[in-house]
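Comments concern the structure below.
Values in this text are rule-based calculations from the coordinates and carry no lab data. Since this is a predicted model, take the numbers as computed values, not measurements. Please note: Cβ atoms are built from the backbone with ideal geometry, for glycine as well, and neighbour counts cover all protein chains shown.
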Amino acid sequence: MRWRSLAWVVCGVAVAVAGLRLPAAGGPGVETVTVGFALPLTGAAAREGQESLEGAQLAVRLLNEAGGFRVGGRTVRFEVVSEDDRCTPAGGTEAANRLVARRVAFVGGSFCSSAALAQQPIFAQARIPQVIYAYATDLTGVARQRAGADLSVRIGPQAAVEMAPLAKYAVTVNNHRRFFAMAQNTDFGRSMVGEFRRVLERLGGRFVAEPEFYTFPGTTDFRTILTKARGSGADALLAIGLVGEMIGVSLQFRELGLGLGFYGSDLLEDPAYQDAVGERANGFFYPWVYDDGVDPRRFTRTEPERMAREMSLAFLNNLKKRATRNHAWGWGTIHLLKQAMEREGTTDPERVMRRVLSGERFDLPLGRYGFLPCGQADMRVGVGSYVDGRRTLMVDRDFAGRPPVVLTSADLCPR
Amino acid sequence: MPGAWVGLALLGALVAPVLLRSPSHQNLLVLTAINVILVASLDMLIGLSGLVSLGHAAFWGIGAYTSALLVMRAGVPFLVALPAAGLAAAAAGLVIGYPSLRLRGHYFVLVTFIFGIIVTLLLTSWVELTRGPMGLPGIPFATLPWVGGTEVVLNTFQDKVRYYYLVLVVALLTLWVRSRIMGSRMGRALVAVREDEDLGQTLGVDTHRYKMGVFVLSTAQAGLAGSLYAHYSTFLAPETFDYVASFDLFVMNLVGGAGTPLGPVVGPVLLTAVRDALRSTHPVLGAVLFGVFLILSIQFLPRGVVGVWDHLRGRRRW
Amino acid sequence: MRRAVDVVTILQFGVNGLFVATGYALVALGLTLIFGVLHVADFAQGALYMLGAYVSFYATQAGGVGYFAAVALAMATGAVLAALNGGVVYLPLQRHGGSLTFVAALGVLLILQNAALWWFGGDFRLVPSPFGDGKFSAGGVVLTHHQAFVLGATGCLVLLLWAGLRYTKPGKALRAMAQQPEAARLVGIDIQRVGLLAFAVAGGLAGGAGALMAPVRAFDPHIGAVVILKSFAIVIFGGMGSVPGAIVGAAVVALAETFTAAYLAAEFADLVAFGLMIVALFARPQGLLGRLPT
């Protein structure tokens, strides 16, 4: 009897969910474009994936509530579907095949490098454009070429975009030249450290020791690596990890009383980091990627980030919370596609993506920028720091491009 | 095991890709067939010989990386890389099995578990060879020689069905080898080992040799599955072969029914189907429900799905 | 420039390694206790560590409870949940052997992890230490007050456990079950009750460990799986079922990791630790301090 009642419960849930998933009926002359999101909704990166999805959902809700938008004389609405890639290659393959089966027109994601790398050839073969968030350099390099994924773009930064201004700031503003580097032993950690080193060495700095890569981020105690850094003769530390690690490294850095400069990953701008570390992060530097105009700044902005303000207001008004950079991925995907469709006058995926890749600039939550032929967003990030426990923007997005120039568009598309 | 059931299962396997036409289902079919190879080979250890391995995915990974690297770096054809993957995994099995199978108790479980973790760490750290955490993208598709000196390229993104049948052939061979072994002198000796090693030894069975034999064979098959996976997904990363994957295979083996003829088929098919159904409800809730499903199935069907069926029909397991 | 090989640095490495060991030891102790009595490899203990951390977070942040009371609360939560798991999930499976309980444990871990993701969200959390940023510093060797508290608390818990196993009636029953299950049954020891006690004690240790480490190590719903992996390996290394083995195993593994990271590279720390375990297993299959099955 237990089995039968369980079976009824399962059936009931399945029917209810199927009912919820019925597509909204479009009126006459209304075209519905389905955007699929392949994101980590469970597993270690679940929060990032869920927030990305939330950003897309709110963007679509507001656009549809406003009656959709006009493309070539017709009204277009978006519909969002999602699949969980669990932040793993196998999960990525599964999610990608499910989205292909659901006949989505465009794809956003993944947030995770290995999942995105597994997905890229699948979407390439199905000719479904992929708007990627993950940082792996290969996604706009060798992997993209081999997969023939000419319809894929990366909407955000990659390692070079984030590390070039940070390294330049360290050398030219703070006069930190001798670095000790530590990072998680992943694509993310390794590529960030590599790009930082490239710019550091170009500006006359160096690593005093080979970088330290740790494997189990969850349980790693950083004191040993930090003790090593203390005796290494370095004048600054570069630490690359996700939020949990950056919290651990920062606290233990303070405990051990390391009198070094501190340069962290972009995750230092995460609200969870700010909550946990607060004042103890004063004087730490990081690449800032997302700017909703709220954080104090030490420069006068030349170009306001319209879309970031818009998104941040939308979150406050509708969901009563402050938007984060993770929301920007999903929100940005929707608005990139909308703008490209409006300009091109069609929803045809290939033509829309050719427009995206034309070099024209788009208004996105991470700034106003275009895309390079290799699919990389031609965007820049600035350098931020903590002052009195508050995130403070020190230099603007154009910093790496001012002399001495440490980052050009050519650096973002190898060969 | 009545031939009718086996025939029905075979028929089901043959027509499945015709009935399930969406790429998402066909992807699951290929992965399920690969899992059948893995679970069938694992079951020769767990079900037949009572040797619980918690590191089976490591041998799968060794095979996958061997095959991918041979094709990519040395230009070896797929049909050579496939057996080479089996050999590489078997070699690893030999090295780890020789000392660990001499001893009794939990020893073998522990060694395989830790060995599995070490393999993942090596795949991650040996960046020059494996590209480590960056993963290995762009692995060429499998190519098979065809009539008139031509070659067919099995592009698994455009056509998963042909690849499915290729995997199915290997899976059927694995199941066939397994059933032959179970009926052989070696199989009876291994059952004797499982039930009472001392008695087996007293009766003059060279238990170590038999255990080594079955372990090396099992790891070789896992290696073959690795090659098939590499040229299917075209992307490898160390985390695909970590301890979680080993646990997954173990769970499939037990839920399907360890030591039963069709258990290694039922386990992967059932768990893939249930997980897929639950995932399409809600990702987080689906994961919770999958946990509930595991506990319930173990509580109510401790011999596995097939095991209970056989038990009800009054049959003994092998 | 200072040289890496100096006494202060070596001492600091030693202190670091010792602290890492305490983090492993508490969870490993519970695991080995359960294994010794019931032959269950309870991977779900990792989830109890995670829940302990969340209990201390919500108790101190939202509940207005003091940190030390929150640690006690986390221990109680861990104990109750573990006993519940044991009674409902594991004990009914006992007669079928260890493999099935392992499947069930993975199921429980999956449920608790994702339920936590559902309720608490995926954000990383940190509990403020009641000791603030206070630290002892002796000639450059640093130990924070909180670290010292964790070391002390772990020491007390280990002592309590040892005394409890040695001098109390239930403790003696536990040891009897672990060492001579047949004889224990013959003298009328109730395996169910002793089993539940082992679960409760282990769960209390895991929950307490989560709360103790919560101000030191940021956590999210998935921290448990990583914690349990290392602790499980340590239990193997120390000898499955051996209480002193778990402690010595934790110390050896933590120090091996620490000194590999210190003098070779962090990248190889885990490789050396696990490699050491496998070599040790070849040399002493029963683990460092375990006994061979008879």
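For segment C:2-110, divide the Cα radius of gyration by the Kirkwood radius and give the resulting Rg/Rh value with two decimals.
Details: Rg = 18.3 Å, Rh = 16.1 Å.
That ratio equals 1.14.
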(request) Please find the FRET efficiency linking B:Ser184 to B:Leu94, where r is the Cβ-Cβ separation and R0 is fixed at 25 Å, and quote it to the nearest 0.05. (result) 0.75
(request) Measure of size requested: the Rg and Dmax of chain B, with Cα atoms as the atom set and Å as the unit; please supply both. (result) 19.3, 58
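Hey, got a sec? Which trypsin sites (Lys or Arg not before Pro) in segment C:1-110 land in a DSSP loop and have at most 16 other Cβ atoms within 10 Å?
Qualifying residues, ordered by number: C:Arg2, C:Arg3.
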(message) Could you compute Rg(Cα) / (2.2 N^0.38 Å) for segment A:182-322, with N its residue count?
(response) 1.17
(request) Calculate the radius of gyration of the Cα atoms of segment A:275-377 to one decimal place, then report Dmax, the largest Cα-Cα distance, as a whole number, both in Å. (result) 16.2, 51
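Could you work out the equivalent-ellipsoid semi-axes for segment A:47-91, taking the square root of 5 times each eigenvalue of the Cα gyration tensor, largest first, in whole Å? Please report the intermediate quantities before stating the final value.
Details: eigenvalues 159, 30, 8 Å².
Ellipsoid half-lengths, sorted descending, are 28, 12, 6 Å.
Evaluate peptide C:223-236: per residue, the Cβ atoms of other protein chains within 10 Å of its Cβ; return the mean as an integer. Write out the running numbers ahead of the final one.
Values: counts 5, 1, 5, 6, 3, 1, 8, 4, 1, 5, 5, 0, 1, 7.
Mean partner shielding for this stretch: 4.
Could you tell me the convex hull volume per residue, in Å³, taken over the Cα atoms of segment B:31-180?
On the way: hull volume 19.4 nm³, N = 150.
Each residue corresponds to 129 Å³ of Cα convex hull volume.
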(message) Please give the Cα centre distance for segment A:45-114 versus segment A:169-234, rounded to the nearest Å.
(response) 35 Å
(message) With angles folded into 0 to 90 degrees, how steeply does helix A:325-344 sit against the dominant principal axis of chain A? Use alpha carbons for both and round to 10.
(response) 50 degrees
(request) Evaluate the charge dipole of the protein assembly as shown about its Cα centre and quote only its size in Debye, nearest 20, assuming +1 on the Cβ of each Lys and Arg and -1 on the Cβ of each Asp and Glu. (result) 1140 debye
(request) Please list, in chain and number order, the residues 5+ apart from A:Glu31 or on another chain whose amide H is under 5 Å from its amide H, with Hs placed from the backbone. (result) A:Thr75, A:Val76, A:Arg77
(request) Mind listing the long-range amide H neighbours of A:Gly389? Cut-off is under 5 Å, sequence gap 5 or more, other chains count too, H placed in the peptide plane at 1.01 Å from N. (result) A:Asn282
(message) Through the Karplus equation 6.51 cos²θ - 1.76 cosθ + 1.60, θ set to phi - 60°, convert the phi angles of segment B:218-228 into ³J(HN,Hα) values in whole Hz; use x for Gly and Pro.
(response) 4, 5, 4, 5, 4, x, 4, 4, x, 4, 4
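For segment A:165-232, take N as its residue count and report Rg(C-alpha) divided by 2.2 N^0.38 Å.
Numbers: Rg = 12.5 Å, N = 68, 2.2 N^0.38 = 10.9 Å.
Relative to the 2.2 N^0.38 Å estimate, segment A:165-232 comes out at 1.14.
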(message) I'd like the orientation of helix C:145-167 relative to chain C: the angle between its Cα long axis and the longest Cα principal axis, in ° from 0 to 90, rounded to 10.
(response) 20 degrees
(request) Mind pulling the angle between the C-alpha long axis of helix A:2-20 and the longest principal axis of chain A? Nearest 10 degrees, somewhere in 0 to 90. (result) 90 degrees
(request) State the three equivalent ellipsoid semi-axes of segment A:87-134, derived from the C-alpha gyration tensor as the square roots of 5 times its eigenvalues, in descending order and whole Å. (result) 15, 11, 8
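Pop out the Kirkwood hydrodynamic radius of segment B:251-299 from its pairwise C-alpha distances, inverse of mean 1/r, in Å to one decimal. Present the calculation step by step, with values, prior to reporting the outcome.
On the way: mean 1/r = 0.0911 Å⁻¹.
After inverting the mean inverse Cα-Cα distance, the result is 11.0 Å.
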(message) Amide H of C:Thr144 versus every other amide H placed in the peptide plane: which residues, excluding those fewer than 5 positions away on the same chain, fall under 5 Å?
(response) C:Phe136
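For peptide C:112-121, how many partner chain Cβ atoms fall within 10 Å of a residue's Cβ, on average?
Working: counts 2, 7, 12, 5, 1, 10, 7, 0, 0, 5.
Per residue, the average neighbour count from other chains is 5.
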(request) For segment A:227-278, list log₁₀ I(q)/I(0) at each q in 0.16, 0.26, 0.29, 0.32 Å⁻¹, using the Debye formula over Cα point scatterers of equal strength and ignoring solvent, two decimals each. (result) -0.43, -1.02, -1.18, -1.31
(request) Answer with one residue from B:Gly263, B:Gly148, B:Ala74: the one whose Cα lies farthest towards the positive end of the charge dipole of chain B, charges on Cβ with Lys, Arg +1 and Asp, Glu -1. (result) B:Gly263
(request) Would you mind giving the average projected area, over all directions, of the Cα convex hull of segment C:7-283 in nm² with one decimal? (result) 15.4 nm²
(request) Would you kindly calculate the mean projected area, averaged across all directions, of the convex hull enclosing the Cα atoms of segment A:71-161, in square nanometres? (result) 6.4 nm²
(message) Could you give each residue of segment C:34-45 its phi-based ³J(HN,Hα) in whole Hz, using Karplus coefficients 6.51, -1.76, 1.60 with θ = phi - 60°, and x for Gly or Pro?
(response) 4, 5, x, 7, 10, 6, 10, 8, 7, 5, 5, 4
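Mind checking the mean number of beta-carbon atoms from other chains within 10 Å of the Cβ atoms in B:128-135?
Values: counts 0, 0, 0, 2, 6, 13, 12, 9.
Across the residues of B:128-135, the mean count of other-chain Cβ atoms within 10 Å is 5.
Which value, to two decimals, describes the C-alpha radius of gyration of chain A once divided by 2.2 N^0.38 Å?
In units of the globular-protein estimate, chain A measures up at 1.01.
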(request) Take the Cα gyration tensor of the protein assembly as shown, multiply each eigenvalue by 5, square-root it, and list the three semi-axes largest first, rounded to whole angstrom. (result) 44, 37, 27
(request) Please compute P(r) over all alpha-carbon pairs of segment B:120-174, binned at 5 Å starting from zero, and give each bin as a whole-number percent. (result) 4, 15, 16, 14, 14, 17, 14, 4, 1
(request) Determine the principal axes of the Cα atoms in segment B:228-276, then give the extent along each, sorted from largest to smallest and rounded to whole angstroms. (result) 33, 21, 20
(message) Please list 3J(HN,Hα) in residue order for segment C:120-134, calculated via the Karplus relation 6.51 cos²θ - 1.76 cosθ + 1.60 where θ = phi - 60°; whole Hz, with x for glycine and proline.
(response) 9, x, x, 5, 6, 10, 9, 9, x, 6, x, 8, x, 9, x
(request) For every helix of n ≥ 4 consecutive DSSP H residues, a contribution of -39,500 (n - 2.57) applies; sum these over chain A, divide by its total residues, and give [θ] at 222 nm rounded to the nearest 500 deg cm²/dmol. (result) -13000 deg cm²/dmol
(message) Can you compute the modelled spin-label distance between C:Thr168 and C:Tyr263, with each label point 7 Å from Cα toward Cβ, in nm?
(response) 4.2 nm
